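Q: Take this structure, written in structure tokens, and hold onto it; I'll ask about it next.
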Amino acid sequence: MKFYLGTNWKMHKTVAEALAYTEGLAHYAKDYPQFQFFIIPSYTALWQVRQKVDALGAPIWVGAQNTHWEDQGAFTGEISPVQLKEIGLDLVEIGHSERRQYYNETDFTVNLKTLAALKHGFKALVCVGENMDEKEHGASKSKIATQVQIALNGVKAEDLPRVMIAYEPVWAIGEKGIPAEAPYVFEIHESIRKTLCELYGEQGREVPIFFGGSVNLQNCQSYCGHPDVNGLFIGRTAWQPDSFHQVMDLVTDAWKNK
């Protein structure tokens, strides 16, 4: 299994900025075959970023930040998996904590969207994570297990190879996020793996689990080397190709020395 390195741009970058970034990342990515890269731009840039990645032959997956669960309908401001499929995207991010916090996303709509993404051939990147109150009350593992169980309800074993889990503690992401200590991250990833194996047996060991939460140049190496940390989902540190390139080197060194 390759190690995954990806980033969600959130509501950043114009189309011109997105294309310049993609070209810069593609320049670096070709030298790191040990990684599977993915980027998740804003909707306005998806078409052109997809075309740029294809034109460059870059080893980069392109994803969307959200999808509706219906193929079409009276859902103003939403986007359907059919519309995203027309662009030729590789993956859909589902259940990001900001979607849960600001846009009424629930575990149950995450499940509907996961099923819709898989139905239309996408990889489903399901985001889970606890807030600080839940962490301080010792409820992190149970909260995240519930999120995983509901998100994957109805997901067949044959579709599991297209499922990815991103653990992003709510208290660790964003500009004011508190970086998580590596031992805590490992403990939570082990718990997620346990839940996946309870649901799918040994096949649950094949689902990639990423960590995201104030990942930066100072801490990215510390999260590497654990068998249940299969990738890093990076924020602003990966929003410029040069700093993303530094992450690539640091993670490479960490894996060589593990």
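Q: Select from segment 56-79 the residues that are open to solvent by 20 Å² or more (accessible area, probe 1.4 Å), of a type in the set (Ser, Thr, Tyr) and closer than 25 Å to GLU17 by Cα and list them in ascending order.
A: Hits for segment 56-79: nothing passes.
Q: So for segment 92-108 (the condition being crowded, with 19+ Cβ neighbours inside 10 Å and of a type in the set (A, V, I, L, M)), does at least one residue qualify?
A: Yes.
Q: I would also like to ask the following. Tally the residues that are among the acidic types (Asp, Glu) and either within 19 Å of the chain's Cα centre (by Cα) or surrounded by 17 or more Cβ atoms within 10 Å (Cβ to Cβ) (or both), restricting the search to segment 156-186.
A: Step one: of segment 156-186, the residues among the acidic types (Asp, Glu) are 158-159, 168, 175, 181.
Applying the additional criterion that residues be either within 19 Å of the chain's Cα centre (by Cα) or surrounded by 17 or more Cβ atoms within 10 Å (Cβ to Cβ) (or both) yields 159, 168, 175.
Total meeting the criteria: 3.
Q: In the set LYS141, LYS119, which member is open to solvent by 40 Å² or more (accessible area, probe 1.4 Å), farther than 23 Å from SER191 by Cα and more than 15 Å from the chain's Cα centre (by Cα)?
A: Just a single option satisfies the conditions, and that option is LYS119.
Q: How many residues does segment 122-138 contain that are over 25 Å from GLU187 (Cα atoms), open to solvent by 20 Å² or more (accessible area, probe 1.4 Å) and of a type outside the set (D, E, K, R)? Even if it seems obvious, please write down each step before you answer.
A: Applying the first criterion (over 25 Å from GLU187 (Cα atoms)) to segment 122-138 yields 122-123.
Pick out the ones that are also open to solvent by 20 Å² or more (accessible area, probe 1.4 Å) and you get 123.
Then keep just the ones that are of a type outside the set (D, E, K, R); that gives none.
Qualifying residue count for the region: 0.
Q: Only one residue in THR76, THR109 is hydroxyl-bearing (Ser, Thr, Tyr) and either in contact with a Cys (Cβ under 7 Å, 6 or more places away or on another chain) or not in a helix (DSSP H, G or I) (or both). Which one? Step through it out loud before you land on a result.
A: On the way: THR109 fails: either in contact with a Cys (Cβ under 7 Å, 6 or more places away or on another chain) or not in a helix (DSSP H, G or I) (or both).
Going through THR76, THR109 in turn, just one is hydroxyl-bearing (Ser, Thr, Tyr) and either in contact with a Cys (Cβ under 7 Å, 6 or more places away or on another chain) or not in a helix (DSSP H, G or I) (or both): THR76.
Q: Further question on the same structure: Among the candidates VAL49, VAL53, VAL82, which residue alone is free of Cβ contacts under 8 Å to residues at least 60 places away in the same chain, in contact with a Pro (Cβ under 6 Å, 6 or more places away or on another chain), open to solvent by less than 90 Å² (accessible area, probe 1.4 Å) and part of a helix (DSSP H, G or I)? Break it down into steps so the answer makes sense when it comes.
A: Values: VAL53 fails: in contact with a Pro (Cβ under 6 Å, 6 or more places away or on another chain); VAL82 fails: in contact with a Pro (Cβ under 6 Å, 6 or more places away or on another chain).
Among VAL49, VAL53, VAL82, only VAL49 is free of Cβ contacts under 8 Å to residues at least 60 places away in the same chain, in contact with a Pro (Cβ under 6 Å, 6 or more places away or on another chain), open to solvent by less than 90 Å² (accessible area, probe 1.4 Å) and part of a helix (DSSP H, G or I).
Q: Still on this model: Could you tell me how many of the residues in segment 20-46 are within 16 Å of ILE87 (Cα to Cα) and either of a type in the set (A, V, I, L, M, F, W, C) or buried (at least 23 other Cβ atoms within 10 Å of the Cβ) (or both)?
A: Step one: list which residues in segment 20-46 are within 16 Å of ILE87 (Cα to Cα), which gives 38-46.
Now restrict to residues that are either of a type in the set (A, V, I, L, M, F, W, C) or buried (at least 23 other Cβ atoms within 10 Å of the Cβ) (or both): 38-41, 45-46.
The number of residues fulfilling the criteria is 6.
The values are calculated or read from the model by the stated rules, or taken from the named source; none is laboratory data. As the structure is a prediction and not an experimental result, all values here were calculated from the model. Methodologically, a virtual Cβ is constructed for each residue, glycine included, from the backbone with ideal geometry; neighbour enumeration extends over all protein chains shown. Please note that ligands, DNA and RNA were not included when accessible areas were found on the heavy atoms of the full protein model with its side chains. Shrake-Rupley method; radii C 1.70, N 1.55, O 1.52, S 1.80 Å.
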